[in-house]
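Read through the structure below, which is laid out as structure tokens, and then see the notes.
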Protein chains: 2
Amino acid sequence: MKRMSRDIRTANRYEVLRRCLDRPAVSRQELAAETGLSSATVGTLVGELLDLGILVTGGFVDSAGGRPRGLVSVDAGHGSLVGVDVAETYVHAERFDLNLRVVARADRELRPGAHEPAHVVAVIADTVRAVLDADTGGPVLGAGVCMPGLVDRQGGISVYAPNWGWHEAVPLRELLAQHLDVPLYLDNPLRASTVAELWFGAARGRDDAVVVNLGTGVGAGLALGGTLHRGVSNSAGEWGHTTLVLDGRPCHCGDRGCVEAYVGAPGIMRNLRELHPGSPLLHPDDQTATIEAIGRAAAEGSAEALDVVRETARYLGPAVADLVNLLNPEVVVLSSWVAAALGGPLVSEVRGVVGRHALAGPFAAAEIVLSPVPTDPVSLGAATFALEGFLGRNGVDATGLRPGPRASIAGGA
Amino acid sequence: MKRMSRDIRTANRYEVLRRCLDRPAVSRQELAAETGLSSATVGTLVGELLDLGILVTGGFVDSAGGRPRGLVSVDAGHGSLVGVDVAETYVHAERFDLNLRVVARADRELRPGAHEPAHVVAVIADTVRAVLDADTGGPVLGAGVCMPGLVDRQGGISVYAPNWGWHEAVPLRELLAQHLDVPLYLDNPLRASTVAELWFGAARGRDDAVVVNLGTGVGAGLALGGTLHRGVSNSAGEWGHTTLVLDGRPCHCGDRGCVEAYVGAPGIMRNLRELHPGSPLLHPDDQTATIEAIGRAAAEGSAEALDVVRETARYLGPAVADLVNLLNPEVVVLSSWVAAALGGPLVSEVRGVVGRHALAGPFAAAEIVLSPVPTDPVSLGAATFALEGFLGRNGVDATGLRPGPRASIAGGA
């Protein structure tokens, strides 16, 4: 039960901080009203965030008949955070101020086939250094790095990245630490984009949400009871490798009929090839170009493109209905680059198909929407992991029941 | 966040009470050590349970060099609880003492086709009265009634019970209250058996567990983060209606290829019919007799029966692998009467098939076991809901942050 006591304290702290982000100064009373926490709890949590330098006091507001109320706000420039989205073909890094606004960006390519660990590490380090060197923002409190595949976040190890042929564990945090002198937090893009939805997107304030990531690989981030469900070994969400068609298409995981084989970018290319073999939308060696071509053409009403969207929804619909039936969420968020490219036409087709496959009750309870997060949700979520890591190192000790020794940002980073 | 604060308090109270059940008197210090809660928290929670009369003080134990420590234990006879398992073909009620030991049982049949709401209500009421009239146990604190299908537990309404042809909502609690003068808690057997595993079975002390219920219908109860995951409209767990074979066998829910169509009792009968059309194991109009015949024959090594178990595992394996991949649980518990009847042979076949379908990491992290709960897990879980309901009405008020006015058992029941 210790774990739960610590979780609740941590969740409350995030909730208070989230409410302060990117808005004018706010009173403790407003925070209590908005979060439903007691004034005493809000007072304690705000005190911790003030001690850490993340919040500052400033200004007063009249209260009807009472003492003027002191206001607090985020000290955006007092520190900064880095979020890194390592994908199959690129590395994208963003630096954020403490309001989680982007202050610098950098991108590097990962050439197809160039996936030896030492090379990948060098490219990541180079991308991060580019945003660290940017002459903007406060001291860097940490960097979150999201890697495809299975990740051991405690150990900072990439356990399994099949799309790169990494079948052996790679001690990524240790390798990166040889290049970078900031606290590093390793995790998976699926969990990052889910946290981004929880903090800033369609899952904000919802108890139960599922974030369906559609990219080269696919997965479903689970935000249950208002927090990220990681599972016992941090691999929850492998919806891409649940069975949709028993004994169906082969999947690169070794099994057959997996959801990913039908609705990941290569699966969608196969759907296109099967329906319209000579289609000009098909760029045989370029997933991104093909998916974007389908998306543009579908938006313009191309029958061929809409065929592919419909065929993809024929598979995606029952797979999303499975999530709705099993988890009974308030909202299903379609996220990542394939969802963004296929956009409105995909969402409306999927809604229809889910309605035919899901049970009436859970279907009626579940919204299905495109991610409203305006920037890259993976780097935003990765930066949030770095912020959570910083807060975790400063303020809640291992017993989870008493605040431990605190550090200022200068001391803690 | 209020919801979470209340949840944690409630979860801690259950945890303390669970540790006291069915054991000799225990000290607050032992409870604190076993639960990981602070002494102050344990002291408060034990105080509440003493005020309610559920615990009593008695005896002391020496502590090395300190004051003797006071002991507490459950006052088993101070009240009792009723749990009712309403299934497609029968109603089974059990009365429990406060140690959750069975003190009386009653059974009634529900004839096939006799499923009008008024008749079902009369049979349930008659079964409950039989255990209420038993001259044993303390005053009844409440009765939990578990109904197949979708249940609105707040409203006490059976929303949808397709196996009975109940497509309209039935206000079951209201109808039952005309016959029974005890607090009634309506829920679903899937959630009851999951709570039984959490309190007394294979999910006890585990963070993430899935309870796979195999009966006429099938479902997966989700115990995530140590508590029951209900979803936004209390329907989470409808794994029976997730898609295993796109466009496959028709399911009574109206969709095709659902897990239930292959591994529910009627689906297993169909597996038998397809493999061995004239098998003597088949009792055409009797699911229970057929499944039990398969189970007995499989245990004796019958090739025909083992064929059916293997074919069922060929479908059940990938469907369980989907749960392992998606949720990354510590344990998957196979429960309910079909799992009990097919027993060891089914579990060992399923383990093998799951290993071929699940990803290596989550498979390695997940045990797959038969339910160890020795009595009917649904009536046990239903009684637990009644206990939770009693505790909820006495001790934690609607804000969830302060203990409300307390009642003794006599006053509260």
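The values are calculated or read from the model by the stated rules, or taken from the named source; none is laboratory data. Here the structure is a predicted model, which means the values were calculated and not measured. Neighbour counts are summed over all protein chains in view; Cβ atoms, including those assigned to glycine, are modelled from backbone coordinates with ideal geometry. When the accessible area is computed, the model is the full protein with side chains, heavy atoms only, and any ligands, DNA or RNA have been set aside. Shrake-Rupley method; radii C 1.70, N 1.55, O 1.52, S 1.80 Å.
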Which one of these is open to solvent by 40 Å² or more (accessible area, probe 1.4 Å) and touching a Phe, Trp or Tyr at 6+ places or on another chain (Cβ under 8 Å): B:Arg108, B:Arg101? B:Arg108
Where in region B:22-139 are the helices (runs of 4 or more DSSP H), entirely inside, with at least 2 residues that are out of contact with any strand residue (DSSP E or B) (no Cβ under 9 Å at 6 or more places or on another chain) and within 14 Å of chain A (Cβ to nearest Cβ)? B:28-35, B:39-51
Taking region B:238-258, which residues are buried (at least 24 other Cβ atoms within 10 Å of the Cβ), at the interface with chain A (Cβ under 7 Å from one of its Cβ atoms) and out of contact with any Pro (no Cβ under 7 Å at 6 or more places or on another chain)? B:Trp239, B:His241, B:Thr242
Find all pairs meeting these conditions: Cβ atoms under 8 angstrom apart; at least six residues apart or on different chains; first residue within region A:70-83 and free of Cβ contacts under 8 Å to residues at least 24 places away in the same chain; second residue aliphatic (A, V, I, L, M) and open to solvent by 10 Å² or more (accessible area, probe 1.4 Å). A:Asp75/A:Val56
Name the residues in region A:183-220 that are within 13 Å of chain B (Cβ to nearest Cβ), over 23 Å from A:Thr35 (Cβ atoms) and not in a strand (DSSP E or B), would you? A:Asn188, A:Leu190, A:Arg191, A:Gly217
State whether the residues of region A:239-257 include one that is farther than 27 Å from B:Ala365 by Cα and among the small types (Gly, Ala, Ser). no
Qualifying residue in region B:161-177 (condition: buried (at least 19 other Cβ atoms within 10 Å of the Cβ) and either at positive phi or small (Gly, Ala, Ser) (or both)): yes
Apart from one, (1) out of contact with any Gly (no Cβ under 9 Å at 6 or more places or on another chain); (2) buried (at least 23 other Cβ atoms within 10 Å of the Cβ); (3) at the interface with chain B (Cβ under 8 Å from one of its Cβ atoms); (4) without any contact (Cβ under 8 Å) to a residue 60 or more places away in the chain all hold for A:Ala360; the odd one out is (2)
Between B:Ser348, B:Ser336, which is out of contact with any strand residue (DSSP E or B) (no Cβ under 6 Å at 6 or more places or on another chain), open to solvent by 10 Å² or more (accessible area, probe 1.4 Å) and of a type in the set (S, T, N, Q)? B:Ser348
I'm checking my understanding of the structure. Among residues of region B:221-232 that are open to solvent by 10 Å² or more (accessible area, probe 1.4 Å) and free of Cβ contacts under 8 Å to residues at least 40 places away in the same chain, which one is nearest to the other protein chains (Cβ to nearest Cβ)? B:Gly231
Given the condition surrounded by fewer than 20 Cβ atoms within 10 Å (Cβ to Cβ), of a type outside the set (D, E, K, R) and under 30 Å from B:Leu176 (Cβ atoms), answer yes or no: does some residue in region B:62-69 qualify? no
